[in-house]
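Notes follow once the structure below has been shown.
Bear in mind that the values in this text are calculations on the coordinates, not laboratory data. These figures come from a predicted structure and were not determined experimentally. Note that each Cβ is placed from the backbone with ideal geometry, even for glycine, and that neighbours are counted across all protein chains shown.
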Amino acid sequence: MELFVFVAASIMVLAGAIGVVTRSNPVHAALSMVLTLFGVAVMFVSLEAHFLAAVQVIVYAGAIVVLFLFVIMLLGVDKAEDVHTEPLKVQRPLALIVATGIAGVLIAAMFAGRDTIASGRASIDLPTVEDSDANTRQLARLIFSDYVVAFEVTSVLLVIAVVGTVLLARKRRGEKSEVSV
Amino acid sequence: MIAALIAEIKPNSTWYLVLAALLFAIGTLGVMVRRNALVLFMCIELMLNAVNLSFVALAKEMDDINGQAVVFFVLVVAAAEVVIGLGIVVAIMRKRVSASVDDLAELKG
């Protein structure tokens, strides 16, 4: 059963990721990303990170993808771009080689570091509470005790992001739009 | 017989880490190949998700909830990054017709 869940979720993740890279229409790419994000959320559930799975669906698949779609529609770039003409002939094969290399290096590094993972295991003993929201409770206790400063700083970061975006996207007084979109 | 054997196999953290590595590589491939600024942002999101996945897999493996706390902060920063990035794209697109990053070459020599 766990194997089945893993295989199904990895097919979702990889198919969605390949869709993001290959689909020429940005709207299709955004919808492929939803597939990937849901696959990652399924994996979070099977890794017993229930709170993060919920946040993944709400924040990523909900808010961020909707933001992407909003911007795509607002700018009117929802036409399929021409992905078949490539100005630089070597770019695609080279990028493919580099990406394969990155994957190879990451996997090799992971297998090289497996012993370290095994020795670092269970350095912190957590009380294993066997109720349904144990994960959320542990995470909340950690964030509001050890990471409380970082938590407050992220709220400042979000305010700065909102104010900055409003400033960036606002039409300045007297400025005329040069292209009618 | 075979079904029972398959049911015995349980995915461990190595499987998740290999998948995260593949997802990260696909994300980098997208950043290197695509020209549309919005799709570039989506590929960066894929890479962030790969890192999140490996954090959670290792948090499970090492029985340490700190990994999940890090993922929480990564989510918040990713949201802020997307908001700022899309704001910049909107500001640029006010002057231009296409979202291709190749057109943004004014600072070139």
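For A:140-152, what's the mean count of beta carbons from other chains sitting within 10 Å of each residue's beta carbon?
Numbers: counts 1, 1, 5, 5, 0, 0, 2, 5, 0, 0, 5, 4, 0.
Mean number of neighbouring Cβ atoms from other chains: 2.
With θ set to phi - 60° and the Karplus curve 6.51 cos²θ - 1.76 cosθ + 1.60, what are the ³J(HN,Hα) couplings of the range B:41-51 in order, to the nearest whole Hz, using x for Gly and Pro?
Values, residue by residue: 4, 4, 5, 5, 4, 4, 5, 4, 5, 4, 5 Hz.
I need B:64, B:103, A:115 ordered by Cβ neighbour count within 10 Å, fewest first.
Numbers: B:64 18, B:103 14, A:115 9.
The order, fewest Cβ neighbours first, is A:115, B:103, B:64.
Which whole-number percentage describes the relative contact order of chain B, with Cα contacts under 8 Å and a sequence gap of 6 or more?
Details: 75 pairs, mean separation 30.0, N = 109.
Computed value for chain B: 28 percent relative contact order.
Ignoring everything except DSSP H segments at least 4 long, calculate the 222 nm mean residue ellipticity for the protein assembly as shown; use -39,500 (n - 2.57) per segment, divide by total residues, nearest 500. Could you put the intermediate results ahead of the total?
On the way: 12 runs with 202 residues, N = 290.
Mean residue ellipticity, 222 nm, calculated: -23500 deg cm²/dmol.
I need B:17, A:157 ordered by Cβ neighbour count within 10 Å, fewest first. Provide the component values of the computation, followed by the final result.
Values: B:17 24, A:157 17.
Result, fewest neighbours first: A:157, B:17.
Report, as an integer, the average count of C-beta atoms from other chains found within 10 Å of each Cβ along A:33-40.
On the way: counts 7, 0, 0, 8, 3, 0, 4, 9.
Whole-number average of other-chain Cβ neighbours for A:33-40 is 4.
Within straight cross-link reach of residue A:171, meaning Cα distance under 20 Å, which lysines are found once same-chain residues fewer than 8 apart are removed?
Candidates past the 8-residue exclusion: B:95.
Within 10 Å of each residue's Cβ, count the other Cβ atoms and sort A:100, A:154 from fewest upward.
On the way: A:100 12, A:154 19.
Neighbour counts put them in this order, fewest first: A:100, A:154.
Tell me whether the range A:1-85 comes out rounded, prolate or oblate; compute the Cα gyration tensor, take square roots of the eigenvalues as a ≥ b ≥ c, and use a/c under 1.5 as the rounded threshold. Working shown, then result.
Working: a/c = 4.99, a/b = 1.66, b/c = 3.01.
In terms of gyration-tensor shape, oblate.
Give the angle, between 0 and 90 degrees and rounded to the nearest 10, that separates the Cα long axis of helix B:13-33 from the longest principal axis of the Cα atoms of chain B.
Around 20 degrees separate the two axes.
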